[in-house]
């Protein structure tokens, strides 16, 4: 009996010790979990404080980005662009952020093809796509080549200067204008053109120069804008008359300016952003005219590429580029008309509110391009005109 009692007492003690041990382990585990949660919360709070401090510092410089962190310094972004004129702005971005941007200059068509090839291969090399025709960016977005990002800086940009889903946002504008030789105008006895109908003056027959819309974005944007603004019937009727005024259609968008400066044409349909964008040494008799009844235009877009190596740093660049600080720098180096009225344009560059722009549907421009060019070519051939 005594042996049985001793055995039962031993069992009770063992069970009691096991229970205490389990309770101690559970308490310890709870304590560890609580400490871990507190540490994580503390780290997150510190990160948020750091971001806020960084944002306040950058706001003092005229830009800010909630995506920017100090550890991004030393990061290199790769960019595809149609011009190297933007390099000075990239240098300023590096000074502001410590993020370097390497830019590779390519033609519009080959750039789109390269981006597409990289996406299909599964290895996207570039982070950013900057400048070029809006139709290329629209096509790229439709193919899933761009990463949607709606920067807070884009909120004040007009809806027709950006993609509704954030696939691209305009930074500056290229605007169709006329280069006019005032001496030739006077010799011909014509009036200084102010509206598109003024180009149809009998005195200007054979003296209006225009590029071939199949090879020139300037010309294509001109005819598509006229069709969208005037409507198909009235628009084509006007273009029929304009074709009669042009002796031949040049292969390059810059040719009408050259022909007008040499006196071979009175008016050249070209594209630009103001007197400061003209070459130094341009004769005083060469003037830029922006049609009073509106003109064609297109934005110079900026986009992040889908699957890029550095999406967060790329967002920082977009925020910077669309800020007053970034746009001002872009305007300086591109001598460009900017997408925001409240950002001062460079000296000699027209401000956005000084030009009447045609309402333009760039998606329709891209989708209707083949049909418009086919009809245009038929009209040009019927008029006995050719492209040189």
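Rule-based calculations on the coordinates, nothing more; no lab input. Since this is a predicted model, take the numbers as computed values, not measurements. Glycine also receives a Cβ, built like all others from the backbone with ideal geometry; neighbour counts cover every protein chain displayed.
Quick look at the values:
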quantity	calculated
Stretchable slack from residue 105 to residue 91, in nm (0.36 nm times residue separation minus alpha-carbon distance)	3.4 nm
Whether region 82-139 is rounded, prolate or oblate, judged on the alpha carbon gyration tensor where a/c under 1.5 counts as rounded	oblate
Per-selection metrics, region 285-388 (Cα): Rg and Dmax in Å	18.8, 55
Nearest-0.05 FRET efficiency for residue 200 and residue 373, computed from C-beta distance (R0 30 Å)	0.85
Percent of beta bridges antiparallel (DSSP, region 138-293, rounded to nearest 5)	75 percent
Gain on full stretching of the segment that runs from residue 363 to residue 284 - 0.36 nm per residue minus C-alpha separation	24.5 nm
Separation between Cα centres of region 289-361 and region 68-84, rounded to whole Å	19 Å
Longest to shortest principal axis, alpha-carbon extents of region 169-237, angstrom	44, 31, 22
Region 221-271 versus region 104-154: alpha-carbon centroid distance in Å	30 Å
Cβ-Cβ FRET estimate between residue 70 and residue 293, R0 fixed at 51 Å, reported to 0.05	0.50
Residues 163, 71, 240, 198, sorted so that the one with the fewest Cβ neighbours within 10 Å comes first	71, 240, 198, 163
R0 of 30 Å, Cβ-Cβ distance residue 187-residue 244: FRET efficiency to nearest 0.05	0.90
Computed Kirkwood radius, in angstrom, where 1/r is averaged over Cα pairs of region 143-263	16.7 Å
Proxy reagent accessibility, fewest Cβ within 10 Å first, across 224, 103, 215	215, 103, 224
